[in-house]
Amino acid sequence: MKVLVTGPTGFIGSHLTEELLRRGHEVVCLVRKTSSLAWLEGLDVRLAEGDCRDRDSLVKALDGAECVYHLAGLTKAAHEDDFFEVNVGGTENLLEAISAVRPPLRRFVFLSSLAAAGPSLNGTPVTEETEPAPVSVYGRSKLDAERMVMRHADAIPVTIIRPPAVYGPRDKDFFVLYKMLNRGIFPYWGECRYSLVYVEDLVRGIISAAESEAATGETFFISERESHSNLDIARVISEALGKRPLRIPLPKSLISAVAGMGRIFGKNNSIINVDKARELKYSRWVCDPAKAQRELGYSAQITIDKGFEWTANWYRIHQWL
């Protein structure tokens, strides 16, 4: 099958591209002029230069595409408008280009986020039926993009995937926590719980949804069944690193202050930024993957003990740590 992947140079996109190739698909990668191709080196892919913000540049990339995996987007941005320009406007451009080119498309898969649904306010994991209540600009932009996707559902076979926090080799966000724990510091602002998914498990879920007729027009959370506390996450990573970090109490109000300093010094596109601080104020980022298990036969295979250890080993091998 000929597939188009947007965002193939990123953390999740590069893993998805590799798995699609392993399964024998012909993969076209949409890349910008400024994209680093480090994770695509040596892969048998066709590079199509383009940008989701430029609708005309998408036409050649879509030629003959039977499946589109739309992963390109911003998770961090220096300006709030950038989230909507890329995450919503870029998605709209791609959908309209599909409508104009009319490739032999079997599925359009949009990678959204738990942030589009928002946190659990009562401790119960959110489901696909929960009324979305995003608390960050990023989350609002992903929800707006989801709604854009669904407006095209009558003409295009679409599926939306909402992962929670994703970790694994090449990830730069969890790497921040790895670095702090490796230096013997565990910032603690109270007990929190998170749903997680190892990147290889997420990729399997994304492809399963793309290949399932039952997933047409549907939204799915792809996640581990169980959630984990921040204490458990820190413990498992620390054990993988061979460290015993000191827990440093950190008031949540201080997180906002640090994020605000980041904006002043031009660091608002780092993982600790004003928009991320809005999410960190909530302590239950948990979702229920029961629908994916029921309708796709999906279940996560990698436990955090294995996943965080493998990730630590990758960071060491590639001299990130």
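What follows draws every value from the coordinates through simple rules; no lab data is involved. A quick note: this is a predicted structure, and the numbers were derived from the prediction, not measured. Note: ideal-geometry Cβ built from the backbone for every residue, glycine included; neighbour counts use all protein chains shown.
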Cβ-based net charge around Val137, under 11 Å, with every Lys or Arg adding one and every Asp or Glu removing one: -1
Karplus (6.51, -1.76, 1.60) ³J(HN,Hα), θ = phi - 60°, over the stretch 296-303, in Hz, Gly and Pro reported as x: 10, x, 8, 8, 5, 9, 9, 6
At 1.306 mPa s and 10 °C, Stokes D of the stretch 27-114 from Kirkwood alpha-carbon radius, µm² per second: 115
The stretch 89-201, dipole about Cα centre (Lys/Arg Cβ +1, Asp/Glu Cβ -1), debye to the nearest 20: 340
At 0.692 mPa s and 37 °C, Stokes D of the stretch 150-243 from Kirkwood alpha-carbon radius, µm² per second: 214
Unit charges at the beta carbon, dipole of the chain: most positive-side option, His152, Trp189, Thr17: Trp189
Extended-chain gain in nm, criterion 0.36 nm per residue less alpha-carbon gap, Glu26 and Gln293: 93.3 nm
With Cα atoms, 0 to 90° folded angle of helix 199-211 axis to the chain main axis: 30
Three-way shape label, the stretch 103-262, alpha-carbon gyration tensor, a/c 1.5: prolate
Inter-probe distance in nm under a simple model that places probes 7 Å from Cα toward Cβ, at Lys179 and Asp63: 4.3
Cβ-based exposure ranking for Tyr69, Tyr315, in which fewest neighbours within 10 Å come first: Tyr315, Tyr69
Only Lys, Arg (+1) and Asp, Glu (-1) charged, at Cβ; the chain dipole about Cα centre in debye: 1100
³J(HN,Hα), Karplus 6.51/-1.76/1.60, whole Hz, each residue of the stretch 116-127, x for Gly, Pro: 5, 7, x, x, 7, 9, 10, x, 7, x, 6, 10
Between helix 11-22 and the chain: long-axis angle, C-alpha atoms, 0 to 90°, nearest 10: 50
Residue order, fewest to most surrounding Cβ atoms within 10 angstrom, among Cys52, Cys192: Cys192, Cys52
Between helix 304-317 and the chain: long-axis angle, C-alpha atoms, 0 to 90°, nearest 10: 90
The chain - mean residue ellipticity at 222 nm from DSSP helices (-39,500 (n - 2.57) per run, n ≥ 4, rounded to 500): -11500 deg cm²/dmol
Cα-projected label distance for Glu96 with Arg147, points at 7 Å along beta-carbon direction, nm: 1.8
Potential extension, Glu41-Leu121 segment - 0.36 nm per residue separation minus Cα distance: 24.5 nm
Part-to-part distance (alpha-carbon centres) for the stretch 142-216 and the stretch 93-114, which is given in Å: 19
Environment charge of Asn182, counting only residues whose C-beta is closer than 11 Å and scoring Lys/Arg +1, Asp/Glu -1: +4
Net charge of Cβ neighbours under 15 Å - reference Pro251; Lys, Arg +1; Asp, Glu -1: +2
Sorted by Cβ density within 10 Å, fewest first, the residues Ile160, Ile248: Ile248, Ile160
Sequence-distant lysines (8 or more away, or on other chains) whose Cα lies within less than 27 Å of Lys291: Lys142, Lys306
